[in-house]
Amino acid sequence: MKKILIIEDQAPMAKILADILTKEKFEVITAINGQIGVEKAIEFNPDLIITDNMMPVKTGLEVIVELRARKEFQTTPIFMITAKAGHQDPALAKEAGATGFIKK
């Protein structure tokens, strides 16, 4: 079973994403901030990571940069999802190493 890590500080959004992915037969792991997300990524080595950008402790951009610096996450798909979707945000996500960018 493929594992997906959702890093999202808003519980309702995390639950919606987790419910959808669980119904599609994925194992879902959640984290409520960027620091916990990095720790869970290292612990569980997910097949895909979805991270919010604006979070306490570490932003999604910081999470992506930190994980991409580790050999085991250099090819893991990481998607940033955010409500703040200005014209620069997709480019910043890509520059940090995100695979893709999704607007909430």
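The values are calculated or read from the model by the stated rules, or taken from the named source; none is laboratory data. Note that the coordinates shown come from a computational prediction; the quantities given were computed from them, not determined experimentally. Note that we place each Cβ from the backbone using ideal geometry, even for glycine, and neighbour counts take in every protein chain shown. Note: accessible area is taken over every heavy atom of the protein model, side chains too, but ligands, DNA and RNA are not part of it. Shrake-Rupley method; radii C 1.70, N 1.55, O 1.52, S 1.80 Å.
The set of residues from segment 67-104 being assigned to a helix (DSSP H, G or I), touching a residue at least 24 places away in the same chain (Cβ under 8 Å) and over 15 Å from Pro46 (Cβ atoms) comprises Asp89, Leu92, Ala93, Ala96. Scanning segment 82-101 for residues that are at pLDDT below 90, open to solvent by 70 Å² or more (accessible area, probe 1.4 Å) and not polar (S, T, N, Q) yields Ala83, Lys84, His87, Leu92.
Checking each residue in segment 34-54 for being buried (at least 16 other Cβ atoms within 10 Å of the Cβ) and closer than 18 Å to Lys94 by Cα picks out Gly34, Leu48, Ile49, Ile50, Thr51, Asp52, Asn53.
Exactly one residue out of Lys3, Lys40, Lys23 is over 13 Å from the mean Cα position of the chain (by Cα) and modelled with pLDDT of 95 or more: that is Lys23.
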